[in-house]
Amino acid sequence: MDEIKKRKYAIFLGIILIVAGTIACGGKDTASEKDRIKEIEVYDDDNEPVTIQENEIVNTEFYELSGDKFRSYIKKEKFTKENWKEFFSIREEHLEYNEYQSEGDLYHLGIYKVHQKKDFCMVFDIVNDDMESRDNVFEKGTGTLGWGQNKSDGTKFQLTIDDVSCTKAEGTIIYVDIPEELWQPCSDGTDRKGFRVKDGEKLYEFYDDGTPVKLDMFR
């Protein structure tokens, strides 16, 4: 094995799968697979918009939309190889030390818009001068995929969304197409942005960190 291959394979030893999918979009569209997908719950009880009280508002600079205005931004779209980049991005994040893993710098691939994960799946490759990773899977139930930035020699490799090549995409995604100017910085010391929705007596906050929500409750 030549040195280039050794260097690339060494990178994979540092790959961290934060929440990984396990099915490559169902290569065979069999009846049994369709039945199995229908039996999977799309959400658990934690995947709700953040509901707040008036006296709990911290991000005072957030734009506040009415429930009806928010509903006007909800879209439903076929998920394809042509439009996947409209929903995904790559972010760099410093991971603090905890009881499960050491601290380090990561690249996170995830959906960073207000969205509702339905039955969709993407298979993709990552190829550049620093790394090569084939047949990765991002599907319903996947939070983010993360890669440690350090190569075997201690230097950092580079990764951008342009290094990701989608080879297969299918399914449906429901999302909120909020105008860019309505996203406001959070006051929590992070680089997140968000906005607020007041629907009747309830207040909701939404963020651009990919938190899945039940948009069906607003339709």
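The values are calculated or read from the model by the stated rules, or taken from the named source; none is laboratory data. All values derive from a computational prediction rather than experimental measurement. So basically every Cβ, Gly included, is an ideal-geometry build from the backbone, and we count neighbours across all protein chains shown. Heads up: the accessible areas ignore ligands, DNA and RNA and are worked out on the full protein's heavy atoms, side chains in. Shrake-Rupley method; radii C 1.70, N 1.55, O 1.52, S 1.80 Å.
For the condition surrounded by 15 or more Cβ atoms within 10 Å (Cβ to Cβ), farther than 25 Å from F79 by Cα and in contact (Cβ under 8 Å) with a residue 24 or more places away in the chain, what is the one hit in L203, L159, L145? Explain how you work it out, then say what you get.
Working: L159 fails: farther than 25 Å from F79 by Cα; L145 fails: farther than 25 Å from F79 by Cα.
One residue alone meets the criteria, L203.
Specify which of the listed residues (G200, G110, G154, G148) is closer than 30 Å to N55 by Cα and not basic (K, R). Every option except G200 fails the conditions. Report whether or not D188 is assigned to a loop (DSSP other than H, G, I, E, B), charged (D, E, K, R), modelled with pLDDT under 90 and open to solvent by 30 Å² or more (accessible area, probe 1.4 Å). So D188 fits the description; yes. If the condition is being modelled with pLDDT of 80 or more and open to solvent by less than 60 Å² (accessible area, probe 1.4 Å), then the range 128-141 contributes N128, D130, M131, S133, N136, V137, F138, E139.
Output the qualifying pairs, or none if there are none: Cβ atoms under 7 angstrom, residues six or more apart or on different chains, first residue in the range 104-128 and within 15 Å of E86 (Cβ to Cβ), second residue modelled with pLDDT of 85 or more and of a type in the set (G, A, S). If the second residue must be modelled with pLDDT of 85 or more and of a type in the set (G, A, S), the pairs left are Y112/S89; F120/G171; M122/A169; F124/S165. Residues in the range 56-81 that are among the acidic types (D, E), open to solvent by 80 Å² or more (accessible area, probe 1.4 Å) and farther than 28 Å from G189 by Cα: D68 alone. Being open to solvent by less than 60 Å² (accessible area, probe 1.4 Å), in contact with a Cys (Cβ under 8 Å, 6 or more places away or on another chain) and in a strand (DSSP E or B) is the requirement here; does G171 meet it? For G171, the condition - open to solvent by less than 60 Å² (accessible area, probe 1.4 Å), in contact with a Cys (Cβ under 8 Å, 6 or more places away or on another chain) and in a strand (DSSP E or B) - is met. Residue pairs whose Cβ atoms lie under 7 Å apart, separated by 6 or more positions or on different chains, with the first residue in the range 67-88 and farther than 30 Å from G200 by Cβ and the second β-branched (V, I, T) and not in a strand (DSSP E or B), are K85/I161; F88/I161.
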